[in-house]
Every structure is written in C-alpha cells, then in structure tokens.
Amino acid sequence: MKLRGLEFGNVFCTSGARGFFGEGYWFHRYARPFGLEYAGSTFIAKTTTLAPRKGNMPLAADGITPVDTRPSCIIAKPVQGFALNAVGLSGPGAAHLLGTKRWQLRLDPFLISFMAVGAARDDRMREAEGFVTLMRAHQRDFCAPFGIQLNVSCPNTGHDPSHLITDAVELLHVLSQLTVPLVMKVSVLMTPAAVLNILRRAPCDAVTVSNTIPWGALPHRIDWKGLFGTETSPLAHLGGGGLSGRPLLPLVLEWILAAKDLELPVPLIACGGILSWEDAAHLLVAGASAIELGSVSFLRPWRVRGIIQTVNRGFVEKRWF
Ligand SMILES: Cc1cc2nc3c(=O)[nH]c(=O)nc-3n(C[C@H](O)[C@H](O)[C@H](O)COP(=O)(O)O)c2cc1C
C-alpha cells in the first residue's frame with residue numbers, strides 16, 4: 001500500500017502491539033521461537049501524547065517498559081480470544097521518545113501514533129501544534145520515511161468520542177504541516193458516513209478501523225455480560241476499558257463493506273479481531289487495502305508469523321482482489 005508514493009506494505013502491527021520502538025514486551029522473547037515474529041510487517045509505534053502521561057500502566061524509569069509482567073489494566077482471555085484494556089496511553093511524552101533517537105534510527109518505513117488528549121478543544125489543538133513543532137525539529141534526522149497515525153479513537157482517555165471526531169478535521173490540518181502520510185485511526189463506533197465527511201474536509205491518506213470498543217458500547221451487537229460474566233466492567237475503576245479481539249471482527253468486516261459502498265476515497269486498513277490468516281482474508285476480500293495485527297500477539301502469538309507471510313503471499317499472487 002503506497003501512501004504519498006511511499007511503500008508501507010500491506011501488513012501492519014498495530015499501535016500498542018510492540019511498544020514505542022518495536023522493543024515488544026517481556027513475553028515476546030519466549031514466544032518468538034513459536035512464531036511471534038514481525039518480519040514482513042510495518043511497525044506502528046504505541047500512541048504517544050505530547051506531554052508525559054501516567055495512564056493506568058506503571059512504567060519503569062526508562063519511561064517505556066511496563067513495570068508489571070501482568071499489568072492489572074489488561075484482562076486477557078486467550079482461550080476465548082478477546083481482551084479488555086484500560087492502559088490509557090501511559091508514556092513518557094513525545095520529546096522524551098524523540099530524545100532517544102530510536103525512531104530516527106529506524107531503517108524501514110513506519111508510523112508514529114499520536115493523540116491529543118487535552119480536556120478542551122483549544123488544548124488539543126495546542127498539543128497538535130506542539131507535536132508538529134517538535135517533530136519538525138527532528139524531522140531531518142529520520143533515516144526512514146515515516147507517517148503519522150492520528151488516534152482519534154482511544155476509549156481510555158475519558159473524552160467524549162464525538163468531540164474527538166469533530167477535532168479530527170482540524171487536527172489533520174495541523175499535522176499536515178509535516179508533509180508526511182497521515183492515517184486516521186477511528187473505531188467502528190464512527191460511521192463510514194462520518195469518516196467520509198472528515199475525509200472531504202481534511203488531508204488524510206488512509207483510515208484504520210478499528211480501535212478497541214469502549215465497555216458497554218453496541219449492546220445489541222456485543223454480549224458484554226456473556227463475555228465477562230458481569231454487567232459492570234472489571235476495569236470500571238479505570239474507566240471501563242476497551243474490548244479487542246474476536247468480537248471485533250464481524251463489526252470491522254461490516255464497516256469495511258459499508259465504507260466500500262460509500263466509496264471512501266482513501267485506502268482502508270482493517271484492524272480488529274484478526275486471529276488467523278482467514279480472518280485477514282475476509283477483510284481483504286471485502287475491500288481492505290491492508291491489515292493491522294493487534295491482540296493476536298498475546299492471544300495467538302504462534303500465528304503471527306504465518307498470518308504475515310500468508311497475507312503478503314496473497315498480495316503477490318493477487319488473491320485478495
Ligand atoms: C494492550 C493494548 C494496548 C493498546 N494500545 C493502543 C495504543 O497505544 N494506540 C492505539 O491506537 N491503539 C491501541 N490499542 C488498540 C489496538 O491497536 C487495536 O486497534 C485494537 O486492539 C483492535 O485490534 P485487535 O482486536 O487486533 O487487538 C491497544 C490495544 C491493546 C489490547
């Protein structure tokens with residue numbers, strides 16, 4: 001998939017799957033021999049905010065490594081194939097991350113994920129401006145082409161999602177000053193028609209759908225009590241959390257089909273519930289230009305290498321269109 005003439009590939013590892021720099025998490029080392037390998041996929045950094053952010057996942061002194069091996073803000077159900085998380089964008093902030101030079105030294109195209117989290121609209125715009133200023137100061141040091149994934153859909157920041165959507169147009173305009181590819185990450189809660197509305201008014205090169213789904217949303221489609229055995233989120237004390245994994249797949253598939261009907265003018269990157277290459281195939285045949293792999297890293301880690309290889313081979317053999 002080319003964005004502004006740059007090749008970014010057709011398989012991404014989603015924001016949050018491999019940390020801020022691709023360092024991964026403690027279990028990655030043990031799962032690698034069994035297939036948790038990302039070769040052939042494009043890296044997306046964990047979402048950073050402009051300022052340091054505590055969130056709900058305690059981080060070590062380096063600002064990027066989770067302190068706990070099993071953070072209490074993540075509930076994984078590997079057998080059933082889903083998870084609930086309320087990480088809440090814990091991180092050291094963009095200046096710290098850029099200060100390490102680890103993004104600048106990457107050699108392959110990748111995406112940096114950014115979210116503006118201020119309570120008021122003006123704060124969020126100021127954050128985006130600050131992020132652009134910071135990135136510009138470092139931009140010439142980057143070895144590889146990069147794009148920005150604008151996260152307007154994290155359910156764990158306590159924002160009213162409808163405001164974040166309204167912001168998207170302005171935020172995209174601010175970020176476009178960087179003259180790099182811009183990918184907007186939405187959730188299935190935002191309709192394809194709403195996204196089309198944004199795309200008509202703002203510079204954006206691709207759309208990723210979906211982020212996690214906030215606890216309690218779409219009750220007619222998601223049996224929250226059936227999944228977690230309770231009406232109240234087990235992460236209610238952290239805001240409720242967002243659902244990832246298997247239950248997202250049919251919702252993302254429907255979204256892609258509806259977006260294709262509407263002829264959204266940019267490539268669509270499907271993300272949510274991809275736990276096998278067949279899941280990915282459904283989304284690609286439905287019209288997605290690329291996929292992102294997320295929770296599969298900890299729900300079915302042994303499948304990651306195979307999914308990446310099969311999807312890439314399918315593109316070479318023109319099986320998905
Ligand atoms: C532990 C965890 C952390 C995540 N962190 C981020 C993040 O920093 N930024 C983001 O845009 N999405 C984040 N996500 C959402 C994923 O990128 C993805 O959109 C979502 O989990 C749906 O895909 P999946 O079902 O394949 O996991 C996170 C998900 C999980 C489970």
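The values are calculated or read from the model by the stated rules, or taken from the named source; none is laboratory data. None of these values were measured; they are calculated from a predicted model. Backbone-built Cβ (ideal geometry, glycine too); neighbour counts: all protein chains shown.
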Problem - Residue in the stretch 91-114 that is surrounded by 15 or more Cβ atoms within 10 Å (Cβ to Cβ), at pLDDT below 95, of a type outside the set (Gly, Ala, Ser) and under 26 Å from HIS237 (Cα atoms) present - result: no
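Looking only at residues that are polar (S, T, N, Q) and away from the ligand (no atom under 14 Å from the Cβ) in the stretch 66-114, which one is nearest to GLY229 (Cα to Cα)? Reasoning before the result, please.
Going residue by residue through the stretch 66-114, those that are polar (S, T, N, Q) are 69, 72, 80, 85, 90, 100, 104, 113.
Still in the list and also away from the ligand (no atom under 14 Å from the Cβ): 100, 104.
Numbers: THR100: 43, GLN104: 45 Å.
Here the residue is THR100.
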Exercise for the section: Only residues that are in contact with a Ser or Thr (Cβ under 6 Å, 6 or more places away or on another chain), in a strand (DSSP E or B) and of a type in the set (Val, Ile, Thr): list them for the stretch 1-58, please. Expected result: VAL11, ILE44
Handout entry: Counted residues, the stretch 104-121 - those being more than 26 Å from THR212 (Cα to Cα) and either free of Cβ contacts under 8 Å to residues at least 24 places away in the same chain or basic (Lys, Arg) (or both)
Key = 1
Problem - Any hit, the stretch 142-154, residues being away from the ligand (no atom under 16 Å from the Cβ) and in contact with a Pro (Cβ under 6 Å, 6 or more places away or on another chain) - result: yes
